[in-house]
1. Could you pull out every one of the lysines with an alpha carbon less than 27 Å from that of LYS355, ignoring same-chain neighbours closer than 8 positions?
2. At q = 0.06, 0.10, 0.11, 0.12 Å⁻¹, what log₁₀ I(q)/I(0) does the chain have when each alpha carbon counts as one equal point scatterer in the Debye sum?
3. So what is the relative contact order of the range 89-221, in percent, for Cα pairs below 8 Å that sit 6 or more residues apart?
4. How would you classify the range 250-369 from its alpha-carbon gyration tensor, with a ≥ b ≥ c the square roots of the eigenvalues: rounded for a/c under 1.5, else prolate if a/b is greater than b/c, otherwise oblate?
5. What's the center-to-center distance, using Cα atoms, between the range 50-67 and the range 1-36 in Å?
6. Calculate how steeply helix 30-39 sits against the longest principal axis of the alpha-carbon atoms of the chain, using the helix alpha-carbon long axis, and give the answer as 0 to 90 degrees to the nearest 10.
7. Quick one: if the Förster radius is 60 Å, what FRET efficiency do ASN188 and ARG126 give, using the C-beta to C-beta distance and rounding to 0.05?
8. In what sequence, highest mean first, do 346-354, 223-231 appear when ranked by Cβ atoms within 10 angstrom?
Amino acid sequence: MTKIHAFSALRPAAGQAAAVASPPYDVLSTAEARAICDRFPDSFLHVVRPEVDLPADADSHSSVAYAQAKTSLDRLRSQGALVQESTDAVYVYRLVWQGQAQTGLVSLASVADYRANIVRKHEYTRPDKEEDRADHIETLGAQCGPVFLICPATEAFNAWLEKHAAQTPLHDFEAEDQVRHTIWSVTNPADIQEVVTIFDNMEATYVADGHHRSAAASVVHARRGDPENALSDRFLTVTFPEDQVRILPYNRAVKDLNGRTPAEFLSALEGIFEINTLQGEPGPTNEKQFDFYIDGKWHRASALLEPAPEDPVGSLDVALLQDRVLSPLLGIEDPRRDTRISFIGGIRGTQELEKLVDSGDYAVAMALFATPAAALLNVADSGNVMPPKSTWFEPKLRSGLFVHLID
């Protein structure tokens, strides 16, 4: 049984969503964040990237930065850019990108469910990043970045979402990255109870993006010693049915061939894959295919021996690549720490891989097939974690559209 809760959100005032909503805190450099804030003085980046309002040498993970974030949040509230709902609500949130829509539910999840593995994880978290997010939440008295969850697709949930997405939206705007964001507020207690009951019948939900934010919510609740039903026992989420989410590949590039020439590396691959020079556009069309860009040419590699399907982690393409190529051939034993490997989100396309290799900074690049959402759920259900950089979700949720106040 999965618990969700309505909440009295802090959100943009009517007509202000496009000016306030910002990209997530962790996808921009400081320079990029400053540039956005120059164009949008009320951007929520002032809250989630407070160093934009501090000297260039300021520590973005310091108490000074967190205090600046609180000052910026208070400013947005006092000038009316952000307003608090007068009643509890849940929200329908639709993102449309490149002609594809995904529609989900904005609500609060339970920290108790997170600790009980009802909200399931598929990645390790780093304590320092957990502490950073927890300090940010505690200083602000608010959770500012939603956790992206996936749930099993059901007819009941899809019907509920579509019913409420047929109403007049609260906000509807297109961001600079050409993603359209539309939000509907649901305040009727009977409608809220209906979706609460739908989630009651779900065994679990799954963290797609936001492992450190969800972990930080648990840290804050424990620090404060609040009771189980306190506001800090809940964290901000957007939950999408698994058949609506869009996962792009997470590609790789390696700086050297571990002492091999390009010809020797391709020869070594031939013992593991069926190798063909690629004639068409790069980008695998099926699982267990990998496109390698080396010495100015693309080569398609198809696995000769597929891993055991009953192994939810070992059967992933990212694991197969690590186990058969990156570790034995290129000497990359720990991709989390090895500086010879870089990870490139699929949003940047295969042209970026060619650019990296053609520059001479990298010797080989690898285009992967996107990890299916079902595979993520299987790994989480098994109690395992995915290899690093297994999934790239697109489009990204905007920050500042919903804030959960815990004080």
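Throughout, read-outs are computed from the coordinates displayed, never taken from laboratory work. Keep in mind that what you see is a predicted model, and the values were worked out from it rather than measured. Cβ placement follows ideal geometry from the backbone for every residue including glycine, while neighbour counts extend to all protein chains displayed.
1. LYS255, LYS288, LYS297, LYS389, LYS396
2. -0.26, -0.72, -0.86, -1.01
3. 44 percent
4. Because its axes are fairly even, with a/c under 1.5, the range 250-369 counts as rounded.
5. Here the two parts' Cα centres lie 19 Å apart.
6. Approximately 50 degrees, to the nearest 10.
7. The formula returns an efficiency of 0.90 here.
8. 346-354, 223-231
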